[in-house]
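The structure appears below as structure tokens.
The values are calculated or read from the model by the stated rules, or taken from the named source; none is laboratory data. Note that the structure is predicted; figures quoted are calculated from it, not measured. All Cβ positions, glycine included, derive from the backbone under ideal geometry; neighbour counts span all protein chains shown. Quick note on the areas: whole protein, heavy atoms, side chains included, nothing else; ligands and nucleic acids left out. Shrake-Rupley method; radii C 1.70, N 1.55, O 1.52, S 1.80 Å.
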Amino acid sequence: PVLSSRQQGRPSGPTGTSKGEKEAAVRLDVESVIWSLRAASSAMWLLCSQLRSLICTFHVAQARCDILGFFFLRCVDWPVNGKLCRCKFQQQEWEQLQKRLGHISLFMFFQPENCGVSLDLAVNEQRRILHFLIKLAAAENPINLKKPRIDRTGPNLIPKWENFVSGIPLSWENIDAIPERGVFDATYMCSMENVRLRVRRRFAGPGLGGWIGLPEEPVELTRIIRWWTVLEAVPQDVIRVLVFLVTDFNSLGDAFSTCDVNGDGKLNHKEFCGQLLKSGFRVGGAGYKAPIPPISLPASPRDSPELHEGRPTTPRRDSAKRKGPGPDGIQKPPLSPGEAKVQEDQAMEALTMVYRFLDASNDGDISLKEFELLQGIWRELWQSMWEFKNHLLECFGSLENAWLVGDRDDSNMLEYTEFQRLCKFRSFNGPVRQIFLYLDKDGDDRIALQEWMLLDGVGVKIQKPN
């Protein structure tokens with residue numbers, strides 16, 4: 001079996017030897033594991049979901065980049081589902097991978113949505129990617145390239161951006177007309193109703209990407225595509241609304257049906273915002289209605305030096321003694337009419353922004369297929385929370401022990417800075433802020449123990465999205 005970087009130092013020695021002798025006998029380091037995997041990579045064929053699981057076992061950024069470099073060409077569904085692995089890399093790491101492995105090789109031909117591009121037009125392959133995006137937008141919807149801009153003398157240390165007031169020149173559909181100098185920046189957004197899988201398949205195959213063996217028919221492609229979204233590119237208000245929807249409704253389809261008062265299969269602004277406000281959405285406290293039962297910390301937490309390292313000596317209050325309707329057990333005073341009005345206005349502003357985000361076609365309403373963009377966001381958020389839960393269990397033995405390490409000031413609350421520190425302390429690689437937003441049910445920018453223990457339900461009560 002392959003040992004992860006956090007498992008290095010766990011030896012397998014002769015029976016009967018002491019733990020210290022075993023550690024002295026065999027010690028696997030990250031470099032040894034990586035080179036072993038590299039030697040075996042040519043004999044493997046993987047799915048992107050399997051490669052993601054392998055990447056998650058390494059906590060050093062360079063090791064994760066090496067693993068992707070060894071195996072992405074061995075993924076049979078990379079041009080279709082490569083976004084599952086893209087989510088495990090920060091933007092700066094991904095840009096380094098593009099320079100190392102090639103922009104065309106790593107490009108998400110079937111799912112370019114929400115992935116911003118910054119292309120150096122002096123490089124031929126990057127100019128060809130821009131040509132692909134222009135041709136794809138012409139086939140799907142000309143407005144799909146959002147906020148295009150160019151630094152004609154770039155790359156510069158301080159970019160001199162110029163917006164395309166009249167749109168991207170039509171002549172650029174001919175690759176020879178695209179300038180050979182400058183930096184082009186834009187984001188591709190396409191409504192699911194306008195996706196043309198045949199066009200994307202043509203460019204992923206012999207047209208540009210060179211991938212072979214891809215299904216020809218859109219029906220077959222639909223069966224293997226897992227629509228996914230990189231959470232870095234998603235505004236926080238969209239995450240808040242998503243948390244509210246998956247918490248307060250049986251499914252996203254049920255939420256759409258609830259908002260669709262007219263029954264025409266589309267949501268206008270009044271339906272979307274009005275129904276969610278009526279259902280109780282607020283910027284603070286999205287998704288929270290019923291109190292979460294109080295939870296006691298273990299009487300004898302796992303004996304680990306991390307539990308006491310750098311921690312204050314003030315006695316811990318028993319969170320089980322806290323009573324009240326909120327997740328933190330504290331009775332919150334009712335809002336005054338003025339405060340309630342301000343909160344409702346903030347919620348309306350956030351919902352309006354989310355409405356515009358989902359209306360990728362800019363036609364003034366949200367169809368069911370456009371609404372299903374949230375499903376790709378929820379898949380990544382759920383997967384990240386599942387990985388975070390397993391990471392904590394492996395590092396600390398239980399979620400309660402992880403809580404004791406994270407709550408450094410013994411306040412029975414986990415501030416965002418403490419949450420960040422805990423993730424960094426054990427080298428968790430994932431969307432930290434988005435996971436925090438999910439757990440912070442009452443929206444006060446703090447996590448109580450009862451909210452923290454919602455992680456225990458990931459994969460049990462909180463089922464994996466279809």
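Of all residues in the range 183-210, those that are without any contact (Cβ under 8 Å) to a residue 40 or more places away in the chain have Cβ atoms under 6 Å from Cβ atoms of residues that are open to solvent by less than 30 Å² (accessible area, probe 1.4 Å), 6 or more apart or on another chain, in 205/214. Among the residues making up the range 144-167, those that are open to solvent by 40 Å² or more (accessible area, probe 1.4 Å) and part of a loop (DSSP other than H, G, I, E, B) are 152, 153, 155, 156, 157, 158, 159, 160, 161, 165, 166.
Filtering the range 419-466 to residues that are open to solvent by less than 50 Å² (accessible area, probe 1.4 Å), more than 26 Å from residue 57 (Cβ to Cβ) and free of Cβ contacts under 8 Å to residues at least 24 places away in the same chain leaves only 440.
The residue that is nearest to residue 39 (Cα to Cα), among those in the range 65-96 that are part of a helix (DSSP H, G or I) and of a type in the set (Lys, Arg), is 74. Quickly run through the range 55-75 and pick out the residues that are surrounded by fewer than 19 Cβ atoms within 10 Å (Cβ to Cβ) and among the charged types (D, E, K, R). Result: 74, single match. Scanning the range 258-275 for residues that are assigned to a helix (DSSP H, G or I) and surrounded by fewer than 13 Cβ atoms within 10 Å (Cβ to Cβ) returns a single hit, 270. Hey, any hits in the range 134-150 for a residue that's over 15 Å from residue 200 (Cβ atoms), at pLDDT 95 or above and of a type in the set (Lys, Arg)? Yes - at least one qualifying residue is present in the range 134-150.
Among the residues of the range 187-236, those identified as of a type in the set (Phe, Trp, Tyr) and assigned to a loop (DSSP other than H, G, I, E, B) are 211, 227, 228. Of all residues in the range 76-100, those being farther than 14 Å from residue 226 by Cβ, touching a Leu at 6+ places or on another chain (Cβ under 8 Å) and either touching a residue at least 40 places away in the same chain (Cβ under 8 Å) or open to solvent by 30 Å² or more (accessible area, probe 1.4 Å) (or both) number 1.
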